[in-house]
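K.L.:
Starting off with a structure, shown below.
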Amino acid sequence: MLTKAFIPYNGYYSSPFCRWQGTMANENAISLGAKTARNWFLKKKLDPTVLEYMYFGTTIPQLHMFYSHTWASAMLIDNAKPLPALMVNQACTTSTTCIHLAAVNIEAGTYECAYALMADRCSNGPHTIWPNPLGPGGEVISENWMMDNFNADPNAGLKMVQTAENVAKDAGITKEECDAATLRRYEQYQDALADDRAFQKRYMFPAEVTVSKKKTILIEADEGITPTTAEGLAKLRPVEPGGVISYGAQTHPGDGNCGFIITTRDKAKALSADPKIEVQILSYGFARAKKGYMAAAPVPAAEMALKVSGLKISDMKAIKTHNPFIVNDINMAKKMGTDVMKMNNYGSSLVYGHPQGPTAGRLIAELIEEMVLLGGGYGLWAGCAAGDTAAAMIFKIG
């Protein structure tokens, strides 16, 4: 269990998420993430040179990917001082891994203040040509980075949705259950929009996007949310023959970024928007489900995080998940004895999409803010990632 790693209250942000091929489609995610994070530091009147190390989480290649971590850290600091950095890629659990790496090094005393910056752009994904000198005539191998990998795990040989269908079949999940829980997720997202987006404004920071050489726009709210009704979900057929998951019950690719300061208790108080509120990173869990069962992996990851912290699922005041398929949540609720309708208050990646790298980070920011509104306690984040893997993290807010 971790004892020394803290996040300053409000020492984090997430940009709005834009739908695939939307307003952020032409921005380099590396530079947009660094620019947005720097603007956030300036807006908060925080000095970014307090940072000693940075983790840059990204999963989809952009121009200058080779230098992504050091380039992003230099832009964040505006070259005011050298800031070492490391690039991290763990698909949709990338944010959690970056935060955990920082926390472990705070615990070890390697440094006292680190930053986790996560940025991705699913839009305009690269189309890669791989040399194949032993192929017929030396013909190259081509790869559409996004679609080819969404549609085929080279280990399991399945589409991602097919791995979720495997879990649905094992757990006896019906389409009616999927539709009911999906509608609830949409309703929970609407709660975050109440009172002129009061909840989202607790953690969300706008991103400045270049439209042309003479024009920039400020993206202040999510883009591309699909209105959802019980009647509409009932009419949608399952994507896979004989399955239970429709297009309405799964997420969509997106673009966005987020950032977190991870530091010691004393520095967290000094950097906090409210020193009376403590946000402690307690534990981390990881798992890999059997081949072709990605949606099942969050359960053992969450169980590991709970065991390490000495807590039970009943101790959690709030639970947030990365739920690319609603089956993830239904399976987790059934296996861990929680209410699927009470998980993911105020939003989830099922509704607002997932840019992969920053997805877990946004969910964690929402978890922290929900816990503050509840008066503190313990909160759990858990989510799956490509290749039948998952991660989980427990936070204490007091």
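The values are calculated or read from the model by the stated rules, or taken from the named source; none is laboratory data. A quick note: this is a predicted structure, and the numbers were derived from the prediction, not measured. Here the Cβ is made from the backbone with ideal geometry for all residues, glycine too, and neighbour counts use every protein chain on show.
K.L.:
Checking the structure you have, find out if any residue of the stretch 352-365 is in contact (Cβ under 8 Å) with a residue 12 or more places away in the chain, surrounded by fewer than 22 Cβ atoms within 10 Å (Cβ to Cβ) and either aliphatic (A, V, I, L, M) or in a strand (DSSP E or B) (or both).
P.N.:
Taking every residue of the stretch 352-365 in turn, none turns out to be in contact (Cβ under 8 Å) with a residue 12 or more places away in the chain, surrounded by fewer than 22 Cβ atoms within 10 Å (Cβ to Cβ) and either aliphatic (A, V, I, L, M) or in a strand (DSSP E or B) (or both).
K.L.:
Which of the numbered conditions does residue 338 fail, given that it passes all the others? Conditions: (1) assigned to a loop (DSSP other than H, G, I, E, B); (2) crowded, with 23+ Cβ neighbours inside 10 Å.
P.N.:
Here residue 338 meets the rest and fails (2).
K.L.:
Going by the conditions given, is residue 119 outside any helix (DSSP H, G or I), among the small types (Gly, Ala, Ser) and surrounded by fewer than 17 Cβ atoms within 10 Å (Cβ to Cβ)? Even if it seems obvious, please write down each step before you answer.
P.N.:
On the way: outside any helix (DSSP H, G or I): yes; among the small types (Gly, Ala, Ser): yes; surrounded by fewer than 17 Cβ atoms within 10 Å (Cβ to Cβ): no.
Considered against the rule, which asks whether it is outside any helix (DSSP H, G or I), among the small types (Gly, Ala, Ser) and surrounded by fewer than 17 Cβ atoms within 10 Å (Cβ to Cβ), residue 119 comes out as no.
K.L.:
Kindly indicate which of 344, 323, 328 is of a type in the set (S, T, N, Q) and in contact with a Lys or Arg (Cβ under 7 Å, 6 or more places away or on another chain).
P.N.:
Answer to the check: 344.
K.L.:
In the stretch 161-176, which residues are in a helix (DSSP H, G or I), under 15 Å from residue 246 (Cβ atoms) and out of contact with any helix residue (DSSP H, G or I) (no Cβ under 6 Å at 6 or more places or on another chain)? Can you show your working first?
P.N.:
Residues of the stretch 161-176 that are in a helix (DSSP H, G or I), as a first pass: 161-171, 175-176.
Remaining after also requiring under 15 Å from residue 246 (Cβ atoms): 161-162, 164-165, 168, 175-176.
Answer for the stretch 161-176, where residues must be in a helix (DSSP H, G or I), under 15 Å from residue 246 (Cβ atoms) and out of contact with any helix residue (DSSP H, G or I) (no Cβ under 6 Å at 6 or more places or on another chain): 161, 162, 165, 175, 176.
K.L.:
Starting from the stretch 163-176, take each residue that is surrounded by fewer than 17 Cβ atoms within 10 Å (Cβ to Cβ) and list its partners that are assigned to a loop (DSSP other than H, G, I, E, B) and among the aliphatic types (A, V, I, L, M), counting only C-beta distances under 9 angstrom and pairs at least six apart or across chains.
P.N.:
Final answer for the pair search is 169/244; 174/244; 176/244.
K.L.:
Determine the pairs where a residue that is in contact (Cβ under 8 Å) with a residue 60 or more places away in the chain, located within the stretch 188-206, has a partner that is surrounded by 14 or more Cβ atoms within 10 Å (Cβ to Cβ) and basic (Lys, Arg) with Cβ atoms under 9 Å apart, the partner being 6 or more residues away or on another chain.
P.N.:
203/362; 204/197; 204/362
K.L.:
Would you check if there is a residue in the stretch 190-212 being in contact with a strand residue (DSSP E or B) (Cβ under 8 Å, 6 or more places away or on another chain), modelled with pLDDT under 95, more than 20 Å from residue 322 (Cα to Cα) and not aromatic (Phe, Trp, Tyr)?
P.N.:
Yes, there is a match, as at least one residue in the stretch 190-212 is in contact with a strand residue (DSSP E or B) (Cβ under 8 Å, 6 or more places away or on another chain), modelled with pLDDT under 95, more than 20 Å from residue 322 (Cα to Cα) and not aromatic (Phe, Trp, Tyr).
K.L.:
Identify, by number, the condition in (1) assigned to a helix (DSSP H, G or I); (2) farther than 25 Å from residue 13 by Cα; (3) in contact with a Phe, Trp or Tyr (Cβ under 7 Å, 6 or more places away or on another chain) that residue 333 doesn't meet.
P.N.:
Here residue 333 meets the rest and fails (3).
K.L.:
Can you name the residue in the stretch 214-251 that is modelled with pLDDT under 95 and in a loop (DSSP other than H, G, I, E, B) and, of all such residues, is nearest to residue 117 (Cα to Cα)?
P.N.:
224
K.L.:
If you don't mind, there's one more thing I want to ask. Within the set of pairs 6 or more residues apart or between chains, which connect a residue that is at negative phi and in a helix (DSSP H, G or I) inside the stretch 144-156 to a residue that is at pLDDT 90 or above and among the β-branched types (Val, Ile, Thr) with Cβ atoms less than 7 Å apart?
P.N.:
These pairs meet every condition: 145/60; 145/128.
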